[in-house]
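The values are calculated or read from the model by the stated rules, or taken from the named source; none is laboratory data. Only a predicted model underlies this, so the values are computations on that prediction, with no experimental measurement involved. Positions of Cβ are backbone-derived with ideal geometry, glycine not excepted, and every protein chain shown enters the neighbour counts. Please note that ligands, DNA and RNA were not included when accessible areas were found on the heavy atoms of the full protein model with its side chains. Shrake-Rupley method; radii C 1.70, N 1.55, O 1.52, S 1.80 Å.
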Amino acid sequence: MPKIIGLTGGIGSGKSKVALRFSALGIPCYIADDRAKDLMKTSADLKEAVCKLFGPESYSGGVLNRPYIARVVFKDATALAQLNALVHPVVAQDFQNWVAKQDAPYVIKEVAILFENGGSKLCDSVLLITAPEAVRLDRVLARDKSSVEAIQDRMSKQWSDERKIPLADYHIENLEWEDTLLKIDAIHQELIQNTRTKGN
Ligand code: ATP
């Protein structure tokens, strides 16, 4: 079984860009948020549970009504927690099925709120990506159509970098991309070396 390396970081820190680099190095990457979105569209059990929780407007013509659900959970923390409670076990099982099929010394599991949701305990190591809030805000504004308020609201629901840094096994402050690439490659070499010396 490959080692599981959690990849986390706040909104706009650059974790997806970092995951792409690990992919380019031949490392399988599981992007939990993307899989959760796919599973909400494809898992019959999850569809049924979401309909029960949010009503028939959740799917129109069998297609997930994402704007409706986003509107509901944005205003209602309890609804968000309930949605997460439905989606979380389905994604966890999907990840187990996926990882069992991977043939690599290690895999990357990208989760935005890995520490917040306790998922870090299920990883062999965690790589944290950070950048100052102002930089992250600018990056997300350039990437998405989000408003400053919506981005700040998401930031406020995530732990601060100060809280996460002591918990991480590896940490990259992602500012200049060329520096980040070198750091990723060094971590990759170390992970490969570690799995080799442990005979995996
Ligand atoms: P989210 O949690 O919102 O999914 P994320 O942590 O996955 O965000 P990315 O999508 O990887 O962040 O990066 C945010 C934006 O910043 C992207 O447009 C990405 O290309 C850009 N970016 C990431 N790192 C750098 C960097 N070092 N220099 C310049 N731009 C960067």
Item to check | Residue-averaged [θ]222 nm for the chain, counting only DSSP H segments that reach four residues, each worth -39500 (n - 2.57) | outcome: -17500 deg cm²/dmol
Checklist entry - Roughly speaking, to the nearest percent, how much of the stretch 34-101's 1.4 Å accessible area is carbon and sulfur? => result 58 percent
Next on the checklist: Suppose R0 equals 41 Å. What FRET efficiency, 1/(1 + (r/R0)^6) with r the Cβ-Cβ distance, do TRP177 and GLU48 give to the nearest 0.05?
Outcome noted: 0.40
Checklist outcome for this item: A chain fully extended from LYS75 to LYS121 at 0.36 nm per residue, minus the present Cα-Cα distance, gains in nm 13.6 nm
Checklist entry - In what order, largest first, do GLU162, GLU116 sit by accessible area if the probe radius is 1.4 Å? => result GLU162, GLU116
Checklist entry - Hey, if we sort LYS37, LYS52 by accessible area with the 1.4 Å probe, largest down, what's the order? => result LYS52, LYS37
Checklist entry - How much length is gained if the chain between GLU57 and ARG196 is pulled fully straight, taking 0.36 nm per residue apart and subtracting their Cα-Cα distance, in nm to one decimal? => result 44.9 nm
Checklist outcome for this item: Charge dipole of the stretch 1-151 built from unit charges on the beta carbon (Lys, Arg +1; Asp, Glu -1), centred at mean Cα; most positive-end Cα among SER58, ILE69, PRO105 is PRO105
Checklist entry - So how much slack lies between ASP144 and ASP38, counting 0.36 nm per residue of separation and subtracting their Cα-Cα distance, in nm? => result 36.2 nm
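Within the chain, which DSSP H helices have Cα atoms that stretch 20 Å or more along the helix axis and a mean Kyte-Doolittle hydropathy of at least 0.5?
Passing helices, by number: 77-100.
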Checklist outcome for this item: the stretch 63-141 accessible area per residue, 1.4 Å probe, protein heavy atoms, integer Å², reads 51 Å²
Checklist entry - Given that compact globular proteins tend to follow 2.2 N^0.38 Å, what is the ratio of the alpha-carbon Rg of the chain to that value? => result 1.08
Item to check | Antiparallel DSSP beta bridges within the chain, percent to nearest 5 | outcome: 10 percent
